[in-house]
């Protein structure tokens, strides 16, 4: 009986836990990344939210409120970048991308229109970094 109660308690507690935003990884072996072709939806722009961003900073980047503190791990996790896809000043969808997959933390500008969401991927043996190119090649 004790084992059954323990198992039930653990299951209930796990159901209350936070598991973070959806996670998406890209092909980090490619030379280029075109988010227009890679990320579905009718989004008009993508914004890159970097580690340790709170709700106030996210609002400045996005131009509207979005509860990154509740919905994502970005405020306390330096291992991810949050990509937020926006249509008509509303979040269409968002996901975290591990920096160990592709590091988007140095992207400027922080928000990019869909038709310009093209990046060169620079790799060395330890990491892959996205660099904004603004055009397909």
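Only a single criterion out of (1) surrounded by 15 or more Cβ atoms within 10 Å (Cβ to Cβ); (2) out of contact with any helix residue (DSSP H, G or I) (no Cβ under 7 Å at 6 or more places or on another chain) is not satisfied by residue 69, namely (2).
Within the stretch 21-35, restricting attention to residues that are surrounded by 15 or more Cβ atoms within 10 Å (Cβ to Cβ) and within 20 Å of residue 93 (Cβ to Cβ), the residue that is modelled with the lowest pLDDT is 21. So, of the residues in the stretch 113-137 that are in contact with a helix residue (DSSP H, G or I) (Cβ under 6 Å, 6 or more places away or on another chain) and over 18 Å from residue 25 (Cα atoms), which turns out to be surrounded by the fewest Cβ atoms within 10 Å (Cβ to Cβ)? Within the stretch 113-137, the match that is surrounded by the fewest Cβ atoms within 10 Å (Cβ to Cβ) is 134. Might you check whether a residue that is in contact (Cβ under 8 Å) with a residue 40 or more places away in the chain, under 17 Å from residue 127 (Cβ atoms) and touching a helix residue (DSSP H, G or I) at 6+ places or on another chain (Cβ under 8 Å) occurs anywhere in the stretch 26-42? Yes, because at least one residue in the stretch 26-42 is in contact (Cβ under 8 Å) with a residue 40 or more places away in the chain, under 17 Å from residue 127 (Cβ atoms) and touching a helix residue (DSSP H, G or I) at 6+ places or on another chain (Cβ under 8 Å).
Scanning the stretch 45-57 for residues that are surrounded by 15 or more Cβ atoms within 10 Å (Cβ to Cβ) and in contact (Cβ under 8 Å) with a residue 24 or more places away in the chain turns up 45, 46, 47, 48, 49, 50, 51, 53. Scanning the stretch 84-100 for residues that are out of contact with any helix residue (DSSP H, G or I) (no Cβ under 8 Å at 6 or more places or on another chain) and crowded, with 19+ Cβ neighbours inside 10 Å gives 85, 96, 97, 99. Every test in (1) within 14 Å of the chain's Cα centre (by Cα); (2) surrounded by 18 or more Cβ atoms within 10 Å (Cβ to Cβ) is passed by residue 110 save one, and that test is (2).
The values are calculated or read from the model by the stated rules, or taken from the named source; none is laboratory data. On a predicted model such as this, the values are computed, not experimentally measured, just so you know. In this analysis, Cβ positions are derived from the backbone assuming ideal geometry, glycine residues included, and neighbour counts consider all displayed protein chains.
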